Amino acid sequence: MLEPEFRLPVMITYLIFTATGFFAWGESLYQQDPWPIPVIVCMGLINLGVQLGTTSVVTYVSDCHREQSAEAFAIMNFIKNMFAFGLTFYANDWLVVQGVRSAFFVIGGTTVAVTVTTIPMYIYGKKARSWVYRHKVLDRVLKTE
C-alpha cells in the first residue's frame, strides 16, 4: 500500500534545483555576470525546483489529512504569504547590508536546512500522522470538535 511519505523523495529534486539556483544566483550577481545567467539560468533552476517542491508538499499534506485538505492548503498558503509579505519589508535592507552573495547564500542554506527535515518525515511520518490523529491536533486547531 502506498503511504503519503512516498511523495517526499521528490523533495530531492527540489533541493538540488533550488539550492543550486540560489547559490549560483548569489555568486553570479557577486561576479557581475551578464544578466541572462542570473535571470534565465538561476531563476529558472529555482522556479523549476519550487514547482516540484510545491507539488510534493501539497500532495503529501492532502494525502495525510484528506478530511481537512482544504483547510490545510489554506493554512499553507497563509504561512507562505505572510512570510513573503514580511520579507518585502526587510529584503532590500538585507541585500544592502549583507550583500547579494551572502544574502543568497543564506537563502540557499536555509533552503537546504529546511528541506533536510523531510528525511525524518519520510522515516517517522506514519508515526507523526498517527499522533496527530490520536490527539486530534487538527480538530483543536480548526475548532471542528
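Here the calculated FRET efficiency for GLU67 and ILE12, from their Cβ-Cβ distance with R0 = 25 Å, stands at 0.30, rounded to the nearest 0.05.
Kirkwood-type hydrodynamic radius, the chain: 17.0 Å, calculated from all non-identical alpha-carbon pairs. Extension gain for ILE75 to GLN31 (0.36 nm times residue separation, less C-alpha to C-alpha distance): 11.9 nm.
Rank THR110, THR59 by accessible area, highest first, at a 1.4 Å probe radius? Mind showing how you got there, number by number?
Values: THR110 75, THR59 40 Å².
The residues order as THR110, THR59, largest area first.
Leaving out ligands and nucleic acids, and using a 1.4 Å probe, what accessible area per residue does segment 8-145 come to in Å²?
On the way: 9330 Å² over 138 residues.
For segment 8-145, the per-residue accessible area is 68 Å².
Please compute the length gained on full extension between GLN98 and ALA113, using 0.36 nm multiplied by the number of residues separating them and subtracting their Cα-Cα distance.
Details: separation 15, 0.36 × 15 = 5.40 nm, distance 2.01 nm.
Net length gain for the segment: 3.4 nm.
Ordering GLU67, GLU27, GLU5 by accessible surface, largest first, gives GLU67, GLU27, GLU5; the 1.4 Å probe counts only protein heavy atoms, with every chain in place.
List the relative contact order of the chain as a percent without decimals, with contacts defined as Cα pairs under 8 Å and 6+ residues apart.
On the way: 116 pairs, mean separation 49.8, N = 145.
Rounded, it is 34 percent for the chain.
Span-like helix check, the chain: qualifying full DSSP H segments, with Cα axial length of 27 Å or more and mean Kyte-Doolittle of -1.0 or more, are 11-30, 43-64, 69-98.
For the chain, give the percent of accessible area contributed by carbon and sulfur heavy atoms, probe 1.4 Å, rounded to a whole number. It would help to have the intermediate numbers written out before the result.
Numbers: 6900 of 9950 Å².
On the chain, the fraction of accessible area on carbon and sulfur atoms equals 69 percent.
Roughly how large, in nm² to one decimal, is the mean projection of the convex hull of the alpha-carbon atoms in segment 76-145?
If you wrap the Cα atoms of segment 76-145 in a convex hull and average its projections, you get 6.4 nm².
Residues of the chain were split at every exposed loop site, defined as trypsin sites (Lys or Arg not before Pro) in a DSSP loop with at most 13 other C-beta atoms within 10 angstrom, and the longest piece left, sites excluded, is 1-135.
The values are calculated or read from the model by the stated rules, or taken from the named source; none is laboratory data. Because the structure is predicted, anything quoted here is derived from the model rather than measured. Counting neighbours? That spans all protein chains shown, and the Cβs are built from the backbone with ideal geometry, glycine included. Quick note on the areas: whole protein, heavy atoms, side chains included, nothing else; ligands and nucleic acids left out. Shrake-Rupley method; radii C 1.70, N 1.55, O 1.52, S 1.80 Å.
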